[in-house]
Amino acid sequence: MPVLGLDVALRRPLADGRAFGDAGPYEERKGRLRFAIDPTHPVNARIADITLAPRNAAGRVEFAADVSLLVPVERRRASGRAIVDVVNRGNTVAVPNFNHATRPVFGPTSDPNPAIDVGDGFLMHRGWVVLSCGWQADVPGLPGLFRLHGVEPCNPDGSAIRGRVYTQLQAPDDVPHFLLSDRGHLPYPAADPDERDAVLLVRDQPDASPETIARSRWRFARVDGGRVVADPRYVWLDGGFTKGRIYQIAYTATGATVLGLGLAALRDAASWLKQEHARWVYGYGRSQTGRLLRTLVWDDLNVDEAGAEAFDGIIANVAGGMRGEFNQRFGQNSKDRPHMMTHVLPSTDAPVTDDKTGRRGALHERVNARGGRVRVVYTNTSSEYHRGDASLIHTDPDGHHDIAHGPNVRVYHFTGTEHGVGVWPPSDLMPSAADPSGWTERSQNLRSVVNYCRLLRACLVNLDRWVTEGVEPPPSRHPRIDDGTAVWPESLAKIFERIPGARYLPHHARPRRLDFGADADAKVMQTLPPADGAAFGSLVSAVDDDGNELAGIRLPEVTLPLATHTGWNLRHPSIGGADQLLVFAGSTLPFARTRAEREASGDPRPSVAERYASRDEYLDRIRRAARELVAERYLLEEDVETSVRFAARLWDWLIR
């Protein structure tokens, strides 16, 4: 068994000892899960650089992960189900997303053991065991974050490995220098501060032609006390970096880690749960870690050293069509832009041919080849579609025709939502996602207020019934070419240009087929910056006359709207890049309250008063719409009144 043991550093009651129905009270055990894997075992062969990792006396590779285990105090009360919370940039995501927790998922804290907000206790009332597991070795050293304690590979002669790194840098303020990483993660230091082949580029759109900044104008350094100090972890530019502009740097680095051990940690933690706490284990990841789980599927790292499937089911939320640099030499776990990575194709679970390159493949190719039975649910918001990669999970790469899903996959689009779980109260200001620098991003429209966590809860229940009872989940719902609901993003302009102040995107930066000179398994990259290639055929959902999307699972407040809800928004001029998409952000464009207000502004969308006779009548209709979703099994009965509550607060805010 690769898991050597759990070293518990903290044991405490959960939620002050509160009882959760039949499951009773829970406790948290927090510490480190220790691993030792066989680098020669066939199931570990796809872990990049595993053969270059140091070994213990038994010939195994040792590492450890920070974990938090939530279990019923009386083990017999557990339901036999466990979820591995694949933490996002060191932050827990499962309990906040499934339990309607009110504490922000991300944010700095001075407490190494912050209290857990259990929300309404959804997972606990069902007797689920929850294991939050660190997998990322480059998490910054902030209190309370979960990380992997991994190993550095070395060349056969014992020397440090060197390799090229390609990083994107952007700020909402003018800055004199950047840390050589995205989101403040631990950077790869430059191997040679005077490297002539290092390149610094700048663009004003992700797909615009870059400008090369003269090497004499920048160096590996930072500003400290008004002085420029040499530092291989930073890049400094004479005159400073301009807010909103997109900078990209390619350089030779040192300090590689065996990144794929993070995937092994998740796999073996899941198998350990089956030995100790559960019969069925599911993996949940959002955004970065949704892409990580897509990578686990792609590399078929769901089989443990005993030959058993680790995860029975997976929910990869808001991952779009991408994977990531999670299992390659000098990969960057933090990178999350399709314009910066080669890890887009294959995006579909079923085989498809890319007409531009002639390559054929499928994300689930290796899993399917061995007859794997893991069930996977892919869920996305409108933001991943407007980012340009989500549609690729169900179309060919050029966006010409639909691709059917395999029998073990469901794909759901959460209509009219943004990457996060909705901003409340409505605002155009938000802390930059998972960024320890404390930067704040501002958008041109109010951010999306639609909270989609209710749909995730139904997804989990449906996935569990699929695995444990053989009950098929409801069918996939997403934009489709054959019914006209998947369209080119430019086609929406004619709708949004009629809405006062809507500020639709003037430019759609489609991801491209980038040539990184990668080996066959995309484990080592040779060409950085990459050579440009043909754009993908990125599609989005068609919209109605209000600008609300037609495809996907429409929550009651989208079916019966008080506003237009989108998955796109623009960067505000105050943070630079005013013509760029504010990645991850959606918009809420409220309706006028009365016909007079609407006519005064020239808004073609009927007002609230023209649509609904009263608040009570509106909420009754919301309740009926929620029950229709329950009948289709996209919503749980217990979340009918949650839907009414969310609709009521938006009504009250708008009318005020």
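Every number in this text was worked out from the coordinates using simple rules, so none of it is lab data. Source: prediction; values computed, not measured. Quick reminder, even Gly has a Cβ in these numbers, built from the backbone with ideal geometry, and neighbours come from all protein chains shown.
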Item to complete: Over the alpha-carbon set of segment 162-254, divide Rg by the Kirkwood Rh and report the Rg/Rh ratio to two decimals.
Response: 0.93
Discussion item. Taking the Cα centroid of segment 370-435 and of segment 139-161, what is the distance between the two, rounded to the nearest whole Å?
Written reply: 31
Worksheet, complete the sentence: Yeah, segment 428-498 with a ≥ b ≥ c from its alpha-carbon gyration tensor (a/c under 1.5 is rounded, else prolate when a/b outruns b/c, oblate otherwise) is oblate
Worksheet item: Could the peptides 56-63, 408-415 be put in order, highest first, of the mean number of other beta-carbon atoms found within 10 Å of their residues?
Response: 408-415, 56-63
Discussion item. If you average the C-alpha positions of segment 185-248 and of segment 505-525 separately, how far apart do those two centres end up, in angstrom?
Written reply: 22
Worksheet item: Straight-line reach from K243: which lysines have Cα under 23 Å away, leaving out those fewer than 8 places along the same chain?
Response: K335
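Given all pairs of different Cα atoms, what value in angstroms does the Kirkwood hydrodynamic radius of the chain take?
25.5
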Discussion item. Among DSSP bridges having both ends in the chain, what percentage is antiparallel? Round to the nearest 5.
Written reply: 75
Discussion item. Relative contact order for segment 162-254: what percent, with Cα pairs under 8 Å and sequence separation of 6 or more?
Written reply: 48
Fill in: segment 377-536: translational diffusion in µm²/s, Stokes-Einstein, Kirkwood Rh over Cα pairs, 20 °C, 1.002 mPa s
114
Discussion item. Sorting check: for 548-557, 490-499, 28-37, which peptide has the highest mean count of neighbouring beta carbons within 10 Å, and how do the rest follow?
Written reply: 548-557, 28-37, 490-499
Worksheet item: Among R611, R387, what is the fewest-to-most ranking by other Cβ atoms within 10 Å?
Response: R611, R387
Discussion item. Show me the ranking of peptides 285-294, 43-52, 358-367 by mean Cβ neighbours inside 10 Å, starting with the highest.
Written reply: 285-294, 43-52, 358-367
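Counting only helical runs of four or more DSSP H residues, what would the 222 nm mean residue ellipticity of the chain come to if each run contributes -39,500 (n - 2.57) and the total is spread over all its residues?
Dividing the helical sum by the residues of the chain leaves -5000 deg cm²/dmol.
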Fill in: Under-5 Å amide H pairs with T257, H placed in peptide plane, nonlocal only
F330
